[in-house]
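Following: one structure in structure tokens, then a few remarks.
The values are calculated or read from the model by the stated rules, or taken from the named source; none is laboratory data. All figures in this text were calculated on a predicted structure; none of them were measured in a lab. Neighbour counts are summed over all protein chains in view; Cβ atoms, including those assigned to glycine, are modelled from backbone coordinates with ideal geometry.
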Amino acid sequence: MNPSDSRSSTHDAEADARNDTIRIYVNGDIVPKSEAKVSVYDSGFMLGDGVWEGLRLYNGRFAFLEEHLDRLYDAAKAIDLEIGLTPGALTEALYDTVRANDMHEDVHARLMVTRGLKRKPFQDPRLSRDGATIVIIAEFSAPAAGVLETGLSLHTVPFVRGLPVTQDPKLNSHSKLNCILAGIHAIKAGADEALMLDPHGFVNTTNSTNFFIVRRGEVWTSTGDYCLNGITRKKVIEICRVEGIPVFERNYSPVDAYSADEAFVTGTFGAQTPVTEIDGRTIGDGKPGPMFRCLRELYEDLVARDCETRAWSR
């Protein structure tokens with residue numbers, strides 16, 4: 001076994017045999033996993049030309065659904081991609097997919113929209129004339145319990161989240177090679193995931209999630225100028241403000257991160273996941289800290305309240 005295979009990830013999930021027989025939404029049809037296919041001429045396969053969202057199902061409802069869809073449609077507009085479905089129709093497609101799989105809890109859905117089929121295998125977006133390709137993959141996906149106790153190790157990598165004039169990091173695009181290379185670099189260095197800096201050398205984000213530190217009772221995260229402004233990130237900031245916990249979106253360096261009392265990452269899949277090591281330095285006492293546990297509990301309460309306002313998915 002490759003030693004890197006034993007490392008953790010913020011997306012580690014408990015094994016679930018039900019995923020072998022899930023049904024997947026592809027352009028209006030919900031088909032068995034083995035039949036869920038797109039063309040080699042699809043813009044997403046050929047060029048990474050598309051946008052996506054990850055959503056989580058709690059007790060039969062998608063949490064923060066409107067905010068996820070708003071971000072998707074904003075991203076589609078930014079890249080001049082016509083989704084072809086209203087938010088209401090896309091909502092129906094999401095719930096149709098989980099109903100077809102009898103899903104209610106511990107479910108993660110990936111909603112992907114590409115520019116669709118190309119007439120020729122070239123980059124020009126005008127070659128995509130047949131409308132968007134829309135795919136929804138919903139899986140039974142409970143976050144692995146172990147990583148919540150051991151935490152993640154991060155390694156600072158030379159790959160940065162760049163300026164908006166290159167590829168705006170605020171876009172949740174299918175073009176993830178920069179982040180994949182960052183992840184590979186970290187894994188080769190023996191860490192779980194990559195800590196990425198911004199173009200000025202300040203701590204920014206990881207290759208797949210947003211990053212926070214805790215110092216002397218204060219919660220710090222990056223300015224958000226050079227990273228995907230995650231919805232879970234936003235909710236943690238809102239929780240801190242409501243609860244009177246000092247929270248700052250600011251520039252800070254790896255030195256500040258090394259000496260932090262706690263660190264954690266946020267994302268739709270894992271909500272909040274502790275970080276216990278950065279570049280070989282133990283963070284705090286090397287265990288998930290009290291602020292992490294407090295914010296995770298408050299976030300769970302917020303999710304429950306949000307989902308209570310939504311219609312049951314049956």
Got a sec? Which strands (runs of 3 or more DSSP E) wholly within the stretch 176-263 have at least 2 residues that are farther than 30 Å from Asp306 by Cα and either outside the structural domain of Pro274 (by TED's automatic domain parsing) or not aromatic (Phe, Trp, Tyr) (or both)? 193-197
Test for Gly54: is it at pLDDT 95 or above, over 19 Å from Gly270 (Cβ atoms) and touching a His at 6+ places or on another chain (Cβ under 8 Å): no
Is there a residue being part of a helix (DSSP H, G or I), aromatic (Phe, Trp, Tyr) and over 25 Å from Gly190 (Cα atoms) anywhere in the stretch 284-307? yes
Could you list all residues from the stretch 11-35 that are at pLDDT below 95 and crowded, with 17+ Cβ neighbours inside 10 Å? His11, Asp12, Ala13
Going through the stretch 64-104 one residue at a time, which ones are within 18 Å of the chain's Cα centre (by Cα) and in a loop (DSSP other than H, G, I, E, B)? Phe64
Identity of the residue in the stretch 257-314, of a type in the set (D, E, K, R) and within 18 Å of the chain's Cα centre (by Cα), that ends up nearest to Glu66 (Cα to Cα): Glu300
Count, please, the residues in the stretch 176-221 that happen to be surrounded by 22 or more Cβ atoms within 10 Å (Cβ to Cβ), under 20 Å from Gly284 (Cβ atoms) and of a type in the set (Gly, Ala, Ser). 1
With the requirement that a residue be farther than 24 Å from Tyr73 by Cβ, polar (S, T, N, Q) and in a loop (DSSP other than H, G, I, E, B), what does the stretch 137-175 give you? Ser141
Does Val247 count as closer than 29 Å to Glu66 by Cα and without any contact (Cβ under 8 Å) to a residue 40 or more places away in the chain? yes
Specify the residue that is surrounded by the fewest Cβ atoms within 10 Å (Cβ to Cβ); the eligible residues are those in the stretch 258-286 that are in contact with an Asp or Glu (Cβ under 8 Å, 6 or more places away or on another chain) and over 13 Å from Thr10 (Cβ atoms). Gly286
Is it the case that some residue within the stretch 207-224 is among the aromatic types (Phe, Trp, Tyr) and farther than 19 Å from Ala260 by Cα? no
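In the list Val113, Val31, Val98, which residue meets the criterion of being without any contact (Cβ under 8 Å) to a residue 12 or more places away in the chain and outside the structural domain of Gly267 (by TED's automatic domain parsing)?
Of the residues listed, the single one that is without any contact (Cβ under 8 Å) to a residue 12 or more places away in the chain and outside the structural domain of Gly267 (by TED's automatic domain parsing) is Val31.
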Would you mind telling me which numbered condition in (1) within 22 Å of Lys170 (Cβ to Cβ); (2) in contact (Cβ under 8 Å) with a residue 60 or more places away in the chain Thr223 fails? (2)
Sole residue being under 16 Å from Gly131 (Cα atoms) and touching a strand residue (DSSP E or B) at 6+ places or on another chain (Cβ under 6 Å), chosen from Val40, Val26: Val26
